[in-house]
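The values are calculated or read from the model by the stated rules, or taken from the named source; none is laboratory data. Please read these numbers as outputs of a predicted model, since none were measured by experiment. With ideal geometry, Cβ positions are generated from the backbone for all residues, glycine too; neighbour counts draw on all protein chains shown. Heads up: the accessible areas ignore ligands, DNA and RNA and are worked out on the full protein's heavy atoms, side chains in. Shrake-Rupley method; radii C 1.70, N 1.55, O 1.52, S 1.80 Å.
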Amino acid sequence: MEYNKAINMMQIGDDVEGFYILKGAFPKVASNGRPFLNATLSDKTGAIEAKVWDYPGPINGSDEGKVVKIRGTVSEFRGTPQVTIEKIRLAVDNDQYDVSALVPVAPIDTDAMLNEVRELLNSIADPDYRRVALELLRRHEDAFKRIPAAKSVHHGFLNGLLMHTGNMMKIADFLAGLYADTVDRSLLLAGTFAHDLQKETEFVFSELGMVTDYSMKGQLLGHLVMGAEEVAEISKKLDIDGEKAVLLQHMVLSHHGEPEFGAAVKPMCAESELLSYIDMIDSRMEIYRETLEGMEKGEFSNRIFALEKKVYRHF
């Protein structure tokens, strides 16, 4: 019996026991009239199909995304590994398991990255932009350092929003210096920090913090509109100059670059143009990082949907 064996290491004949995420749960009835559960288990290494025979419940589709403890045997069904589960239950509060073994986590020191972000915000020279940014940090700090930046595609892991935004702010700080005669560093840094914060409201999260769906507001408004609304509300509360408030809202509304990519308006100032490119750079480099991680030297990937092409690993 192997305890908490990684799914990508499971082999036919293995007896396994441990904690996994219930990625899918579909109660069904066999041809003999007996109930069974068709399920999918997952951890950070992958997913595997599972069956629980003669199982009337209580676990069902409403428990998807939760952690379960299982005991079973890895068998084969139509050439594919499958776990035949003998026992299954939902995890309880006093169970001990490693969340980082079940869901992917950003490859960063979260405390160090958060401190870097805070230092950059405190370095904003314009007091109005600095006050808005620090109020945004006060409101969102807990979620900002925990949640993924996306449901999929890039930074779709715990602490992903912190990693994505932190990387972007460091790029923005460098480029603001390079183009100091064209770019207002204060506006660029404040807008970069604000651009994705409303993903906290846009998404629905599992009990482990992973994105499972888009919220009602996320689908009807989206994080750009909600982000601009919050910037307007804070600016009014802090009595920030009207043009500065509008420019900061524009940064949030235009950071996807083009309407076909989700921007509410096109970038119309140097800082918003730069922010859209910085966002694209960091998101695409993360797609490359995640793709190359599982490849051998000299290998081409399958076609990557988000990049609309294959990629090649040369080292």
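The table for this structure:
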read-out: Residues that are more than 17 Å from Met226 (Cβ to Cβ), in a helix (DSSP H, G or I) and open to solvent by less than 10 Å² (accessible area, probe 1.4 Å), drawn from the range 138-172; value: Gly160, Leu162, His164, Gly166, Met168, Met169, Ala172
read-out: Conditions (1) closer than 30 Å to Ser186 by Cβ; (2) part of a loop (DSSP other than H, G, I, E, B); number of the one not met by Ala232; value: (2)
read-out: The range 235-248 residues that are free of Cβ contacts under 8 Å to residues at least 12 places away in the same chain, paired with ones that are surrounded by 11 or more Cβ atoms within 10 Å (Cβ to Cβ) and among the aliphatic types (A, V, I, L, M) (beta carbon under 9 Å, 6 or more apart); value: Lys236/Ala245; Val246/Ala232
read-out: Residue count, the range 49-70 (criterion: part of a strand (DSSP E or B) and within 28 Å of the chain's Cα centre (by Cα)); value: 6
read-out: Test: residue in the range 204-226 that is more than 18 Å from the chain's Cα centre (by Cα), of a type in the set (S, T, N, Q) and assigned to a helix (DSSP H, G or I); value: no
read-out: Restricting the range 288-306 to residues that are within 18 Å of the chain's Cα centre (by Cα) and farther than 21 Å from Asn8 by Cβ, the residue that is most open to solvent (accessible area, probe 1.4 Å); value: Phe305
read-out: Unique residue being among the β-branched types (Val, Ile, Thr) and either surrounded by fewer than 17 Cβ atoms within 10 Å (Cβ to Cβ) or farther than 20 Å from Phe144 by Cα (or both) when the list is Val231, Val183; value: Val183
read-out: Count - residues of the range 194-221 that are in contact with a helix residue (DSSP H, G or I) (Cβ under 9 Å, 6 or more places away or on another chain) and over 20 Å from Phe157 (Cβ atoms); value: 4
read-out: Pairs with Cβ under 8 Å, 6+ apart, first in the range 140-158 and under 23 Å from Leu121 (Cα atoms), second among the aromatic types (Phe, Trp, Tyr) and at pLDDT below 95; value: Ile147/Phe205; Pro148/Phe157
read-out: Leading residue by the ranking (surrounded by the most Cβ atoms within 10 Å (Cβ to Cβ)) among those in the range 20-41 that are under 25 Å from Ala101 (Cβ atoms) and of a type in the set (Ser, Thr, Tyr); value: Tyr20
read-out: Answer residue from the range 71-102, given it is touching a Gly at 6+ places or on another chain (Cβ under 7 Å) and either part of a loop (DSSP other than H, G, I, E, B) or not acidic (Asp, Glu) (or both) and is surrounded by the fewest Cβ atoms within 10 Å (Cβ to Cβ) among those; value: Thr84
read-out: Residues (open to solvent by less than 80 Å² (accessible area, probe 1.4 Å) and outside any helix (DSSP H, G or I)) located in the range 261-287; value: Gly262, Ala263, Ala264, Val265, Pro267, Cys269
read-out: Enumeration of residues in the range 4-19 that are assigned to a helix (DSSP H, G or I) and exposed (fewer than 15 other Cβ atoms within 10 Å of the Cβ); value: Asn8, Met9
read-out: Flag if Ser301 is modelled with pLDDT of 95 or more and not aromatic (Phe, Trp, Tyr); value: no
read-out: Hey, Leu238 touching a helix residue (DSSP H, G or I) at 6+ places or on another chain (Cβ under 6 Å) and crowded, with 21+ Cβ neighbours inside 10 Å or not; value: no
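Residues are listed down the side, and each one gets a yes or a no for (1) open to solvent by 10 Å² or more (accessible area, probe 1.4 Å); (2) in contact with a Leu (Cβ under 7 Å, 6 or more places away or on another chain); (3) within 22 Å of Asp279 (Cα to Cα); (4) of a type in the set (D, E, K, R):
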position	(1), (2), (3), (4)
Gln198	yes, no, yes, no
Met216	yes, no, no, no
Leu220	yes, no, no, no
Met226	yes, no, yes, no
Lys244	yes, no, yes, yes
